[in-house]
1. Give A208, A220 a once-over and let me know the one that is assigned by TED's automatic domain parsing to the domain that holds G324, out of contact with any Phe, Trp or Tyr (no Cβ under 8 Å at 6 or more places or on another chain), modelled with pLDDT of 95 or more and closer than 15 Å to T172 by Cβ.
2. Out of curiosity, is A344 aliphatic (A, V, I, L, M), more than 30 Å from R170 (Cβ to Cβ) and over 21 Å from the mean Cα position of the chain (by Cα)?
3. Any residue in region 320-336 that is free of Cβ contacts under 8 Å to residues at least 12 places away in the same chain and in a helix (DSSP H, G or I)?
4. Return the residue satisfying two criteria in turn: it lies in region 227-248 and is more than 33 Å from the chain's Cα centre (by Cα) and within 10 Å of T172 (Cβ to Cβ), and of such residues it is surrounded by the fewest Cβ atoms within 10 Å (Cβ to Cβ).
5. Looking only at region 157-185, count how many residues are crowded, with 21+ Cβ neighbours inside 10 Å, in a loop (DSSP other than H, G, I, E, B) and more than 22 Å from the chain's Cα centre (by Cα).
6. Residues of region 135-146 being in a loop (DSSP other than H, G, I, E, B) and surrounded by 17 or more Cβ atoms within 10 Å (Cβ to Cβ), which ones?
7. Can you tell me which of (1) at pLDDT 80 or above; (2) out of contact with any Phe, Trp or Tyr (no Cβ under 7 Å at 6 or more places or on another chain); (3) surrounded by 13 or more Cβ atoms within 10 Å (Cβ to Cβ); (4) among the charged types (D, E, K, R) is the one R86 doesn't meet?
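The values are calculated or read from the model by the stated rules, or taken from the named source; none is laboratory data. This structure is a prediction, so every number in the text was calculated from the model and none was measured. Note: ideal-geometry Cβ built from the backbone for every residue, glycine included; neighbour counts use all protein chains shown.
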Amino acid sequence: MKPSFPNSKSQAEPIAPSCSDPSSDEASRDRPKGGSSRRPQNGFAVAAGYLFLTATLAAIGAWLNAFAAFVLLPVVLGAATGHFFRRRARSRAAIRWPGLLAGNALLLLLLLSLAFLGLETYYRFIFDQTDGLADTLVSQKWSQRYIHKNNLGQRDNIDYACALTPGKRRITFVGDSFAVGLGVKDVEARFANRIRRLHPDWEVHVVAQPGLETSNEVEAVHNLVVSNRYQLDLVVLVYNMNDIGEVMPNWIAEYKRLLPDRFRNSWLCRHSYFVNLYYQRWQFQHSHYFQHYFDEVQAAYSGPIFDRHRIALTAMCNMTVIRGGRLLVVTFPFMHAPLQFEAAHDRMARFWREKEVPHLDLLSVYSNLAPARITVNPHDAHPNEFANVLAAEAIDTFLKNQIGKNPKNE
């Protein structure tokens, strides 16, 4: 019996030896199904690409709108971080330290950008307070929201007539941010407006701008009279104890030193409400001069600097009389520490007595009250609404007494 042989057609052909590298078998096992020959990307290079894209998109957003850049940053970083870690999860290659570093950096940047966006959103849209530093972005936003100006460019909800109204006394308050009512949202809660409501038979006007010193106030009233033919009757100078600052050389020089600060003028500090507020606070808190500012103010009232201040005060007296008015003075203390400057208040009282100018000092009104009850907030020592109520009561009594002594509208 012949042995059985397989059919020649079904017999296996000999396999030719492979010329490929033996490692190709291992590479073929690692190759993804579907025949793709893509090589795993370096994690560090991918992360670097994401960071470059983030910087590019943020720059575009910043050029169009600062807040758009702040919103765009966590969005792009979130997408980049998610993509990065999904790729790492699909990869079988061992992660190396550059990829590990890049992944953690992306995650940290994402968390920081989300925290920054939350803070920026709060201080840009929700935070609704003034700051003692009136040039911060939050203070500027507050002013844009609550300070509305009338026909003469003054904060008020009525327009002012320049000519005296027959049969009415005119009281013109002249001053700085205390007279403006900085920090008081409703202008009707300001002391001048409260007095107006009590006396419909009076014309009560406010000529004031934040930051004015005595010489600026003299100029403001003079320009109003000359340019608009504004007529004066009773002029009430709202004096603040820091008005002497215009003749304090260190104050002017030190403040100017803060302005050209490199970071203060950076794009981030000029466009981020959060960064701008806290950096300017940090500047003042760490300035050696401003830590002793009030000591210099106190010394100025007892030294030769006060003689220079007398020039502006005397100019206010003379200008008021020349332009047909009668000068009265109301002095506000430093609201955060009224009793600390009693000697300075006494010095001003003596000056006004020498000039025979009626003077009301509000020191006694506020001296027994805690600063938290009479100031706008812990970072702004302007009078709050309650302090304006107290001021209105005292000033109203003072004005009625002075008008009683001079009842005619001359």
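1. Among A208, A220, only A220 is assigned by TED's automatic domain parsing to the domain that holds G324, out of contact with any Phe, Trp or Tyr (no Cβ under 8 Å at 6 or more places or on another chain), modelled with pLDDT of 95 or more and closer than 15 Å to T172 by Cβ.
2. For A344, the condition - aliphatic (A, V, I, L, M), more than 30 Å from R170 (Cβ to Cβ) and over 21 Å from the mean Cα position of the chain (by Cα) - is met.
3. Within region 320-336, the subset free of Cβ contacts under 8 Å to residues at least 12 places away in the same chain is 321-322.
This time we only want the ones that are in a helix (DSSP H, G or I), so: 321-322.
Yes - at least one qualifying residue is present in region 320-336.
4. Among them, the one singled out is Q231.
5. 0
6. Passing the criteria: only T136.
7. R86 satisfies every listed condition except (3).
Here's the yes/no breakdown for (1) touching a Phe, Trp or Tyr at 6+ places or on another chain (Cβ under 8 Å); (2) surrounded by fewer than 15 Cβ atoms within 10 Å (Cβ to Cβ); (3) basic (K, R):
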{"site": "V297", "(1), (2), (3)": "yes, no, no"}
{"site": "I322", "(1), (2), (3)": "no, yes, no"}
{"site": "H345", "(1), (2), (3)": "no, no, no"}
{"site": "K355", "(1), (2), (3)": "no, no, yes"}
{"site": "P358", "(1), (2), (3)": "yes, no, no"}
{"site": "A381", "(1), (2), (3)": "yes, no, no"}
{"site": "A387", "(1), (2), (3)": "yes, no, no"}
{"site": "G404", "(1), (2), (3)": "no, yes, no"}
